[in-house]
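Engineer: Here it is, the structure, as structure tokens.
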Amino acid sequence: MRELKQSAAKTLKSFYKILPLILGMILLISLISTSIPRSFYSTIFRNNPFFDSIIGSVIGSISTGPPITSYILGGEFLKEGVSLIAVTAFMVAWVTVGIIQFPAESIILGMKFAVTRNITSFIFSVVVAIITVMLVSYI
């Protein structure tokens with residue numbers, strides 16, 4: 001029982017230390033997500049599958065957020081004429097890559113892990129988008 005109390009105390013202490021980072025990350029995500037108008041996205045895509053997937057991944061990496069929000073934004077982007085490959089790359093990067101939370105992630109999990117995870121996630125967001133659109137087009 002004593003070990004359980006010690007573990008709980010350590011956990012609470014760790015959570016208390018990272019709470020300011022988490023709150024700052026949430027506030028920054030909200031600020032960026034609301035400051036970029038949706039019409040901006042439809043003007044930067046040029047219907048080039050490779051470049052659109054990279055641009056979608058870059059934008060999704062920067063404007064990170066909760067998965068449910070990516071579905072809503074993805075639907076809106078499709079309505080505005082953004083290509084499916086760009087929307088898919090955006091949605092995958094939105095959920096998996098975290099530029100905004102990188103400082104907190106590197107402090108909590110280590111710099112090497114954070115860099116490796118984000119680079120790998122970015123590359124795979126492009127790959128997943130291309131494969132997904134190829135499969136949807138094939139079916």
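The values are calculated or read from the model by the stated rules, or taken from the named source; none is laboratory data. Keep in mind it's a predicted model, so treat the numbers as computed, not measured. Cβ atoms come from the backbone with ideal geometry, glycine included; neighbour counts cover every protein chain shown.
Engineer: Which of the residues that make up segment 122-139 are over 13 Å from TRP94 (Cβ atoms), of a type outside the set (A, V, I, L, M) and either modelled with pLDDT of 95 or more or surrounded by 11 or more Cβ atoms within 10 Å (Cβ to Cβ) (or both)? Spell out how you get there, then give the answer.
Structural biologist: Here is the first cut: in segment 122-139, the ones over 13 Å from TRP94 (Cβ atoms) are 123-124, 126-127, 130-139.
Now narrow it down to the ones that are of a type outside the set (A, V, I, L, M): 124, 132, 137-138.
Passing the criteria: PHE124, THR132.
Engineer: Can you tell me how many residues in segment 61-84 are among the hydroxyl-bearing types (Ser, Thr, Tyr), crowded, with 20+ Cβ neighbours inside 10 Å and part of a helix (DSSP H, G or I)?
Structural biologist: Kept after step one, since they are among the hydroxyl-bearing types (Ser, Thr, Tyr), are these residues of segment 61-84: 61, 63-64, 69-71, 83.
Within this subset, residues satisfying the condition of being crowded, with 20+ Cβ neighbours inside 10 Å are 61, 63-64, 70, 83.
Checking which are part of a helix (DSSP H, G or I) leaves us with 61, 70.
Residues that pass the stated criteria total 2.
Engineer: Let me ask something else about it. Is there any pair with a first residue in segment 1-14 that is touching a residue at least 12 places away in the same chain (Cβ under 8 Å) and a second that is in a helix (DSSP H, G or I) and hydroxyl-bearing (Ser, Thr, Tyr) whose Cβ atoms are under 6 Å apart and which are 6 or more apart or on different chains, and what are they?
Structural biologist: So the pair list comes out empty.
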